[in-house]
Amino acid sequence: MFETQQINKSTNNQISRTKKPEWLKIDFRSDNNYSIVNKTLKTNNLHTICVSGRCPNLAECWNSGTATFMILGDICTRSCKFCNTLTGKPLPPNADEPKNIANAVKTMNLRYVVLTSVDRDDLADFGAQHWADCILKIKEENPNVKIEALIPDFKGDKTLIDKVIDTKPNTIAHNIETVFRLTPSVRSAAKFETSLAVLRHISERNIRAKSGLMLGLGETENEIFETMDSLLEVGCKVLTLGQYLQPTKKHLEVADYIHPDKFAEYKQVALQKGFEFVESAPLVRSSYHAEKCGK
């Protein structure tokens, strides 16, 4: 049985909001490293999913001098029901962004860098060449840095995925986000099968494939296990599991709050099934402790 805190429904079928459990309280206090990172990002006109995605681990990661850079702007062409990133018509890609990110990585003295991006369905190549340019420039300026690329689906186009693969990042991640049944109601354009095909192609090109799953959207335990099996079947060996948190009232509401003990149980199940590295806890997000799986 799920060990969850269920959200109560009132007699008029309106969901009555409950307080978050104690284990979901977040400390956003910061120290000097946080300020340094924030200043570096603003100086180089860079974006992070840490801010736009309202990541609960922002303080922890930034205080450690790490961050996940979000390339290709901060406006997405898709409108997924779980994501707080702005939706609309993006600006053209910034030609200076590869250089700016490479400079920021050097200034922050990072050893492990995570890149992600908004979806750019407005571009002919969905941003694939810009992705490649950013990774190559980071490597050129920071030859010892390890890189994780958390990519969009590029609509399943293998030639575009290859543009990223050919730059040889240490890990390429693509999030499945939720179980098959819930995908149409959670993701605005992405398809479950397309995401699996993207991960299969990454794995077949001998790059470490990683994916992430949000819990608490109404999925069943069997569906979680089935999704794990589907990911393993396509060669994905790194997995993150975290609690979905509603970013605003306009987004999907939380169906269940999963207890930390259940997350720990899921981690053991995933490892027993064959995943090589698993991060599983309520506040885990895609890039949480990414440097550990990249070793």
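The values are calculated or read from the model by the stated rules, or taken from the named source; none is laboratory data. Remember, predicted model here, so these are calculated numbers, not experimental data. Backbone-built Cβ (ideal geometry, glycine too); neighbour counts: all protein chains shown.
Among the residues in the range 90-97, are any modelled with pLDDT of 95 or more and crowded, with 19+ Cβ neighbours inside 10 Å? For the range 90-97, residues modelled with pLDDT of 95 or more and crowded, with 19+ Cβ neighbours inside 10 Å: present. Among the residues of the range 196-227, write down those that are aliphatic (A, V, I, L, M) and closer than 18 Å to Val186 by Cα. Leu196, Leu213, Met214, Leu215, Leu217, Ile224 - these are the residues of the range 196-227 that are aliphatic (A, V, I, L, M) and closer than 18 Å to Val186 by Cα. Applying the condition of being assigned to a strand (DSSP E or B) and touching a residue at least 60 places away in the same chain (Cβ under 8 Å) to the range 186-232 and asking which residue is nearest to the chain's Cα centre (by Cα) yields Gly212. Once the range 233-270 is narrowed to residues that are assigned to a loop (DSSP other than H, G, I, E, B), surrounded by 17 or more Cβ atoms within 10 Å (Cβ to Cβ) and of a type in the set (Val, Ile, Thr), the residue that is modelled with the highest pLDDT is Val234.
Return the only residue of Leu241, Leu232, Leu213 being out of contact with any strand residue (DSSP E or B) (no Cβ under 6 Å at 6 or more places or on another chain) and under 29 Å from Lys163 (Cα atoms).
Exactly one of Leu241, Leu232, Leu213 is out of contact with any strand residue (DSSP E or B) (no Cβ under 6 Å at 6 or more places or on another chain) and under 29 Å from Lys163 (Cα atoms), namely Leu232.
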